[in-house]
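Take a look at the structure set out below.
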Amino acid sequence: MQTRPLGKTGPQVSALGLGCMGMSALYGEADRAESIATIHAALEAGVTLLDTGDFYGMGHNEMLIGEALRTAPAGRREQALTSVKFGALRDPDGGWSGYDGRPAAVKNFAAYSLQRLGVDHIDVYRIARLDPAVPIEETVGAIAELVEKGYVRHIGLSEVGAETVRRAAATAPISDLQIEYSLISRGIEDDILPATRELGISITAYGVLSRGLISGHFTADRQLAPGDFRSFSPRFQGENLHRNLDLVEALRKIAGQKGVSVAQIAIAWVLSQGDDIVPLIGARRRDRLTEALGALDVTLDAADLAAIEEAVPPGAAAGERYPEPQMAHLDSER
């Protein structure tokens, strides 16, 4: 497994991380046994970074990962590094009620996550979205206290803009910023990525296949399962979907010329953007995991990158990456 440093202050991690959200929430029902088998297969392949959120399935995802770690083959549990997002407020109906970044809340969230994961520390801890009522310095400062006590190893950020990144980094060492980055979500290239590179902060890129949209497997006639949030995602709606799938077909031609899948070339593109970028792959099944890991063997030369850029130029995506109410929570989009 290739590895990359998670910022100048963070750990060395696998070049691809495993995003576990879909095993518990937002994409419809998932197979628990297959999810655990996929985590085990990822660890066996050398993946070290497991990403979750305490609000994925209201704690279900952390408990799932905890079970996978307890039942992992000897030696594999020790290699796993947990990356946890916190702060999202939910209700019993599955609704969303904002974010809480108060220091007392930070420590409360961490206490529950440690228990559900069955670990004595969290490797990277971050608030999922900026709490507009709490200065980032206070939230990061509370995580720094958890670092001092050994409950957290490294401090991360999620979906914040360049100014917030700078303020956070002035408060405590920041290992990485988790943010959406893919061929059709390139907004970080203008201001955010230059800021993180100046500060020695890595990017853990989620949505590298744009929730399956540019995986090469999504079709316009696909019936989404109840609870699948793509039913409300602007990029999956009406004419937007057809325009975005046209981009996928253009990408498919390039992938075919190289003898790889669309997903592999899309992941390889993110990998090629710098050693400070660690893509998170949201595989829920072992076959999808195997396909994604194949991207590590794809080499893109200058001609390949130019062809990809022509097929999917910046700003080509139709529709925002989240519905409007969720976009309003993104400090990174302001």
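Restricting attention to the stretch 111-170, and to residues there that are closer than 14 Å to F86 by Cβ and of a type in the set (S, T, N, Q), which single residue is surrounded by the fewest Cβ atoms within 10 Å (Cβ to Cβ)?
Among residues in the stretch 111-170 that are closer than 14 Å to F86 by Cβ and of a type in the set (S, T, N, Q), the one surrounded by the fewest Cβ atoms within 10 Å (Cβ to Cβ) is Q115.
Which condition number does D304 fail, the rest of (1) in contact (Cβ under 8 Å) with a residue 60 or more places away in the chain; (2) crowded, with 17+ Cβ neighbours inside 10 Å being met?
Every listed condition holds for D304 apart from (1).
Any chance the stretch 172-191 includes a residue that's at positive phi, surrounded by fewer than 19 Cβ atoms within 10 Å (Cβ to Cβ) and either part of a loop (DSSP other than H, G, I, E, B) or of a type outside the set (S, T, Y) (or both)? Don't jump to the end; show me each part of the working.
Within the stretch 172-191, the subset at positive phi is none.
There is no residue in the stretch 172-191 that is at positive phi, surrounded by fewer than 19 Cβ atoms within 10 Å (Cβ to Cβ) and either part of a loop (DSSP other than H, G, I, E, B) or of a type outside the set (S, T, Y) (or both).
Does A88 satisfy the criteria of being touching a strand residue (DSSP E or B) at 6+ places or on another chain (Cβ under 7 Å), more than 20 Å from L293 (Cβ to Cβ), free of Cβ contacts under 8 Å to residues at least 60 places away in the same chain and surrounded by fewer than 24 Cβ atoms within 10 Å (Cβ to Cβ)? Show your work before the answer.
Values: touching a strand residue (DSSP E or B) at 6+ places or on another chain (Cβ under 7 Å): yes; more than 20 Å from L293 (Cβ to Cβ): yes; free of Cβ contacts under 8 Å to residues at least 60 places away in the same chain: yes; surrounded by fewer than 24 Cβ atoms within 10 Å (Cβ to Cβ): yes.
So A88 passes the test.
Name the one entry in A41, A30 that is small (G, A, S) and under 25 Å from Q12 (Cα atoms). I'd like the intermediate steps shown before the answer.
Numbers: A30 fails: under 25 Å from Q12 (Cα atoms).
Only one candidate passes the filter, namely A41.
One line per residue, one yes/no per condition, for (1) of a type in the set (S, T, Y); (2) over 23 Å from R334 (Cα atoms); (3) part of a loop (DSSP other than H, G, I, E, B); (4) at pLDDT 95 or above:
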| residue | (1), (2), (3), (4) |
| --- | --- |
| A104 | no, yes, no, yes |
| F109 | no, yes, no, yes |
| L114 | no, yes, no, yes |
| P132 | no, no, yes, yes |
| G141 | no, yes, no, yes |
| A144 | no, yes, no, yes |
| G150 | no, yes, yes, yes |
| G156 | no, no, no, yes |
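Which pairs do you get when a residue that is within 12 Å of A316 (Cβ to Cβ), found in the stretch 239-262, comes within reach of a residue that is in a helix (DSSP H, G or I) and of a type in the set (S, T, N, Q), reach meaning Cβ atoms under 6 angstrom, with the pair 6+ apart or on two chains?
none
Suppose the filter is under 22 Å from the mean Cα position of the chain (by Cα), farther than 19 Å from R4 by Cα and not aromatic (F, W, Y); does V278 pass it?
On the way: under 22 Å from the mean Cα position of the chain (by Cα): yes; farther than 19 Å from R4 by Cα: no; not aromatic (F, W, Y): yes.
Here the answer is no, as V278 does not meet what is asked.
Taking only pairs six or more apart or across chains, which ones have beta-carbon atoms under 7 Å, a first residue in the stretch 93-115 that is under 15 Å from G53 (Cα atoms), and a second residue that is open to solvent by 20 Å² or more (accessible area, probe 1.4 Å) and hydroxyl-bearing (S, T, Y)?
A110/Y151; L114/Y151
The values are calculated or read from the model by the stated rules, or taken from the named source; none is laboratory data. Since the model is a prediction, treat every value here as computed from it, not as a measurement. Glycine gets a Cβ as well: all are built from the backbone with ideal geometry, and neighbour counts include every protein chain shown. Note: accessible area is taken over every heavy atom of the protein model, side chains too, but ligands, DNA and RNA are not part of it. Shrake-Rupley method; radii C 1.70, N 1.55, O 1.52, S 1.80 Å.
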